[in-house]
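Visitor: Questions regarding the structure given below will be posed in turn.
The values are calculated or read from the model by the stated rules, or taken from the named source; none is laboratory data. Worth saying up front: this structure is predicted, and the values here are computed from it rather than measured. Here the Cβ positions follow ideal geometry from the backbone for every residue, glycine too, while neighbour counts run over all protein chains shown. Note: areas computed on protein heavy atoms with side chains; ligands, DNA, RNA excluded. Shrake-Rupley method; radii C 1.70, N 1.55, O 1.52, S 1.80 Å.
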Amino acid sequence: MANIGSFLFSHPLDPALIISKQLTKSDLQGNVKLPKQQTESVLMRMGGVTAYELQNGKEVVVSDLVEGDEYKVTLRCLNNTAYYFGDGWCTMKHSLDLEEGETLKLYWYQDQKIFVILNFNHIVL
């Protein structure tokens, strides 16, 4: 994971690979709804992700470089209009101790095919 961290801190981040979401009460009580345009921008660069996969759930890895943790979450799309994290989100939000009003910021790291959390100790890059 040190490779990822050194890459992220030595190269400008491509905004088209970032998903940023200010968390609401409903995001923390259930599944987090992801911003459509940002999610679709990332999906275009992920490559090979089909609408069928998203309806059934595509497992992705989310890496927390600070704590050294990885979470497997299911990225889903409902009716081709709403994207959200389903299975695995509950574990991830509790482990990260996320609260309403905080911003969850994720970067799609193409080389490793994982999301990297850009929130460090409640500070967002």
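Visitor: For a quick check: with amide H placed at 1.01 Å from N, whose amide H comes under 5 Å from Gly57's, ignoring anything fewer than 5 positions away on the same chain?
Guide: Hits under the 5 Å cutoff: Cys77.
Visitor: Rank Arg45, Arg76 by accessible area, highest first, at a 1.4 Å probe radius? Provide the component values of the computation, followed by the final result.
Guide: Numbers: Arg45 90, Arg76 50 Å².
In descending accessible area the options line up as Arg45, Arg76.
Visitor: Also, I was wondering about something else. Taking the highest mean first, how do the peptides 13-19, 64-70 order by number of other beta carbon atoms within 10 angstrom per residue?
Guide: The densest-packed peptide leads the list: 13-19, 64-70.
Visitor: A further question on this structure: Among the aspartates and glutamates, select those whose C-alpha is under 15 Å from the C-alpha of Lys25, and discard any that sit fewer than 8 residues away in the same chain.
Guide: Result set, ordered by chain and number: Asp97, Glu99, Glu100, Glu102.
Visitor: Of Lys36/Lys113; Lys33/Lys93; Lys21/Lys93; Lys93/Lys113; Lys36/Lys105, which pairs sit farther than 18 Å apart, going by alpha carbon to alpha carbon? Show your work: numbers first, answer last.
Guide: On the way: Lys36/Lys113 20 Å; Lys33/Lys93 13 Å; Lys21/Lys93 13 Å; Lys93/Lys113 21 Å; Lys36/Lys105 14 Å.
In this structure, Lys36/Lys113; Lys93/Lys113 lie more than 18 Å apart at Cα.
Visitor: Can I ask one more? Calculate for the chain the 222 nm mean residue ellipticity that helices alone would give, adding -39,500 (n - 2.57) per DSSP H run of length 4 or more and normalising by residue count, nearest 500 deg cm²/dmol. Can you show the working numbers first?
Guide: Working: 5 runs with 38 residues, N = 125.
It lands at -8000 deg cm²/dmol.
Visitor: Could I ask something else about it? What are the ³J(HN,Hα) couplings of the stretch 89-105, residue after residue, when phi is run through the Karplus curve with 6.51, -1.76, 1.60 and θ = phi - 60°? Round to Hz, x for glycine and proline.
Guide: My calculation for the stretch 89-105 gives 5, 4, 4, 5, 5, 6, 5, 7, 6, 6, 10, 4, x, 6, 9, 8, 10 Hz in order.
Visitor: Can you list the HN-Hα couplings for the stretch 29-45, worked out from phi with the Karplus curve (6.51, -1.76, 1.60; θ = phi - 60°), rounded to whole Hz and with x for Gly and Pro?
Guide: Rounded to whole hertz, the list is 8, x, 8, 7, 7, 9, x, 4, 4, 5, 5, 5, 4, 5, 4, 4, 8.
Visitor: Looking at Gly101, Gly57, Tyr71, which one has the Cα that reaches farthest to the positive end of the dipole of the chain (charges on Cβ: Lys, Arg +1; Asp, Glu -1)?
Guide: Result: Gly57.
Visitor: Rounded if a/c is under 1.5, else prolate if a/b beats b/c, else oblate: with a ≥ b ≥ c from the C-alpha gyration tensor eigenvalues square-rooted, which is the chain? List each step's numbers first, then the result.
Guide: Values: a/c = 1.59, a/b = 1.14, b/c = 1.40.
Because a/c hits 1.5 or more and a/b fails to exceed b/c, the chain counts as oblate.
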